[in-house]
Structures are given as structure tokens and as C-alpha cells.
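Accompanying notes for the structure given below.
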Amino acid sequence: MKLSNQYPSLKGKTVFVSGGGSGIGASLVEAFFQQGTNVAFVDIQQAPAEELVARLRSENPDQTAGLNFYHCDLTEIDQLRATIEQAAQDLGPISVLVNNAANDTRHDFREVTPEQWDKCTAVNLRHQFFAAQAVYPFMKELGGGSIINLGSMSWHAGQGGMPGYTSSKAAIEGLTRGLARDMGPDHIRVNTLVPGWVMTEKQLTHWVTDEALKDIERGQSINDRLMPEHISAMALFLASDDSSMCTAQNFIVDGGWI
Ligand SMILES: NC(=O)c1ccc[n+]([C@@H]2O[C@H](COP(=O)([O-])OP(=O)(O)OC[C@H]3O[C@@H](n4cnc5c(N)ncnc54)[C@H](O)[C@@H]3O)[C@@H](O)[C@H]2O)c1
């Protein structure tokens with residue numbers, strides 16, 4: 001699916017996308033790059049990230065915007081902070097942050113240890129706060145910005161089998177509203193983008209069974225496949241000046257899961 005909208009306010013800005021090497025993140029990187037936004041993205045997967053950069057450069061030969069991949073493990077907050085500083089030096093002050101990276105591994109609540117719990121929240125929640133903290137000075141200096149935190153419909157829909165993940169995703173909605181209050185006076189908007197069940201390659205390989213497809217058919221009001229581009233389309237809107245009075249909200253893109 002090719003996105004058709006152009007947002008002039010995104011041209012020439014710099015966006016920082018976490019977990020941009022694959023899945024929804026790769027679609028976000030592509031969508032922003034095609035807007036003429038300078039894109040800095042981080043991931044722990046080197047090969048797919050480099051392939052993405054090569055593909056986007058060859059498919060968009062006229063695009064002059066910057067596109068940089070940085071290898072960074074977001075669970076290491078010092079690395080994350082240093083990478084955000086480097087990205088801003090390379091591509092210009094960051095005015096859009098998309099906190100996208102996560103890892104939805106399943107875990108049995110009976111067996112989770114305190115160490116596993118901390119690891120789970122480190123990859124699903126903690127970096128979102130510290131990335132927001134690190135981009136704040138740039139956004140303040142620029143007179144505004146947009147922070148988009150990726151949440152999840154999973155816990156809204158009462159999904160079990162991954163309490164560390166669902167707790168993190170629930171906390172992100174609280175984080176969004178708290179930061180929106182704190183940063184609002186600086187015209188920095190903070191929203192949660194809440195995807196439903198998105199048919200990324202990883203989801204299709206790991207979790208989408210025939211039974212799951214039946215659940216999707218039952219759950220979604222619009223029975224089409226939800227794709228990464230549907231999420232990116234909302235992210236572009238939330239990043240652009242067209243959503244200038246939208247903050248502290250959840251924006252749900254789930255095909256109407258009821
Ligand atoms: N796909 C879905 O159905 C779905 C549903 C609801 C919410 N979401 C949310 O959308 C976002 C993207 O989901 P996705 O399905 O594309 O996820 P994904 O697991 O397919 O991709 C996440 C990316 O983050 C990267 N990453 C993981 N750990 C990292 C680390 N420590 N440091 C740096 N990068 C790391 C991965 O390498 C990967 O490229 C997540 O926040 C997820 O919770 C997805």
C-alpha cells in the first residue's frame with residue numbers, strides 16, 4: 001500500500017525512529033523519508049536496517065533528505081542518549097520522535113523472574129521515557145515537536161500470555177498523558193498510536209495461525225488485513241502540523257476491533 005498524502009510541514013524536519021529496521025518501524029522510516037523528512041533510525045538488527053537504507057536510496061534517487069541508520073541497543077540508556085545526540089549532530093535537531101521498538105515475546109506468568117520482568121519492561125517501556133527526555137531540549141529550542149509512542153490494542157482486548165509486555169503497553173498510555181502535560185507549555189505534543197494486529201513479517205511467521213486469522217475475522221469490524229502502512233499513515237498525521245492541537249490522546253488504528 002502506497003501512502004498518498006503529502007505533509008509539507010514534515011519536509012526538512014528530523015525524525016528519530018526506534019526499531020526502524022523491520023516491521024512497522026521500517027514502514028515508518030520509508031513513510032517519513034518519502035515526505036522529505038531527515039530520518040535517523042536505530043535497531044539491533046544490522047542487516048535488515050542496512051538493506052532498508054540501500055533499497056530506499058535506490059528507489060528514491062531524487063530524495064535529498066538524510067537517511068541514517070545507527071546500531072543501538074535501546075535497553076542501554078547511555079547508548080540511546082549518545083545515539084540521539086549523534087543523530088541530531090548529523091541530521092539536525094530532532095523535532096519528531098517515534099518510540100516504536102518493542103519485543104512481544106510470550107511468557108507464562110507463573111515462571112517470570114524479577115530479572116526477566118526488568119528485561120521485558122526495558123525493551124518495551126523504559127527507553128520510550130528516556131528517548132523523550134533526550135529529545136526534549138531539541139524540541140524546546142525549536143519551539144515545538146511531536147512525540148509518538150507506540151502502544152498496543154492487546155491489553156485493551158484482554159490478551160493474556162505476556163503480562164510484561166501488556167503492562168508496559170498499558171503504562172505507555174499513562175506516560176503519554178503525563179508527558180503531554182509536562183511538555184505542552186513548550187508546544188511539544190505527546191500521543192499514543194495504538195495499533196491493532198498488524199500483519200508484519202514477524203507476526204505472520206511467529207503468531208498468526210489459522211485460529212488467529214479467525215479471531216481477526218471475528219474481532220475486526222473491517223475484515224481486511226491491517227498493514228504497517230496503515231499505522232504509518234496515522235504517524236505522519238500526528239507528526240505533522242495538521243494535528244497541532246492533538247495531544248495526550250490515544251489514536252487507535254485496529255480495523256475497529258470490538
Ligand atoms: N505488529 C503488531 O501486530 C503490533 C500490535 C500492537 C502494537 N504493536 C507495536 O508496534 C510497534 C512495532 O511493532 P512491530 O510488530 O513492528 O515489532 P517488531 O518486533 O516486528 O519490530 C520491532 C523492531 O525493534 C527492534 N528492536 C527490538 N529490540 C531492540 C533493542 N533492544 N534495541 C533496538 N532495537 C530493538 C527489532 O529489531 C525490530 O526491528 C511496537 O511498539 C509494538 O509493540 C505492534
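The values are calculated or read from the model by the stated rules, or taken from the named source; none is laboratory data. What you are looking at is a predicted structure, and each value in this text was computed from that prediction instead of being measured. Note: ideal-geometry Cβ built from the backbone for every residue, glycine included; neighbour counts use all protein chains shown. Side chains included, ligands, DNA and RNA excluded: accessible areas come from the protein's heavy atoms. Shrake-Rupley method; radii C 1.70, N 1.55, O 1.52, S 1.80 Å.
A few notes on this one:
- Taken residue by residue, the stretch 147-158 has no member that is assigned to a helix (DSSP H, G or I) and open to solvent by less than 50 Å² (accessible area, probe 1.4 Å).
- Exclusive hit being at pLDDT 95 or above and open to solvent by less than 70 Å² (accessible area, probe 1.4 Å), set H230, H187: H230
- Of all residues in the stretch 193-207 being outside any helix (DSSP H, G or I) and either touching a Leu at 6+ places or on another chain (Cβ under 9 Å) or more than 9 Å from the ligand (Cβ to nearest atom) (or both), the one that is farthest from H107 (Cα to Cα): L193
- Qualifying positions in the stretch 5-24 - part of a loop (DSSP other than H, G, I, E, B) and under 15 Å from G92 (Cβ atoms): K11, G12, K13
- Residues of the stretch 80-103 that are in contact (Cβ under 8 Å) with a residue 40 or more places away in the chain and of a type in the set (A, V, I, L, M, F, W, C): L80, I84, A87, A88, L91, I94, V96, L97, V98, A101, A102.
- Pairs where the first residue, in the stretch 186-197, is within 8 Å of T247 (Cα to Cα) and the second is small (G, A, S) and surrounded by fewer than 24 Cβ atoms within 10 Å (Cβ to Cβ), C-beta under 6 Å, 6+ apart: V190/A180
- Any hit, the stretch 45-53, residues being outside any helix (DSSP H, G or I), open to solvent by 10 Å² or more (accessible area, probe 1.4 Å), within 16 Å of the ligand (Cβ to nearest atom) and at pLDDT 95 or above: yes
Let's see how each residue does on (1) open to solvent by 40 Å² or more (accessible area, probe 1.4 Å); (2) at pLDDT below 95; (3) in a helix (DSSP H, G or I); (4) in contact with a Ser or Thr (Cβ under 7 Å, 6 or more places away or on another chain):
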| position | (1), (2), (3), (4) |
| --- | --- |
| F109 | yes, no, no, no |
| L125 | yes, no, yes, yes |
| Q128 | no, no, yes, no |
| R177 | yes, no, yes, no |
| M183 | no, no, yes, no |
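- Taking the listed residues A82, A171, A102, the one that is within 16 Å of the ligand (Cβ to nearest atom), assigned to a loop (DSSP other than H, G, I, E, B) and open to solvent by 30 Å² or more (accessible area, probe 1.4 Å) is A102, with no other qualifying.
- Screening V190 against (1) assigned to a helix (DSSP H, G or I); (2) away from the ligand (no atom under 14 Å from the Cβ) leaves a single unmet condition, (1).
- Among the residues making up the stretch 3-21, those that are touching a residue at least 24 places away in the same chain (Cβ under 8 Å) and either surrounded by fewer than 20 Cβ atoms within 10 Å (Cβ to Cβ) or more than 15 Å from the ligand (Cβ to nearest atom) (or both) are L3, N5, Q6, Y7, S9, L10, K11, G12, K13, T14, V15.
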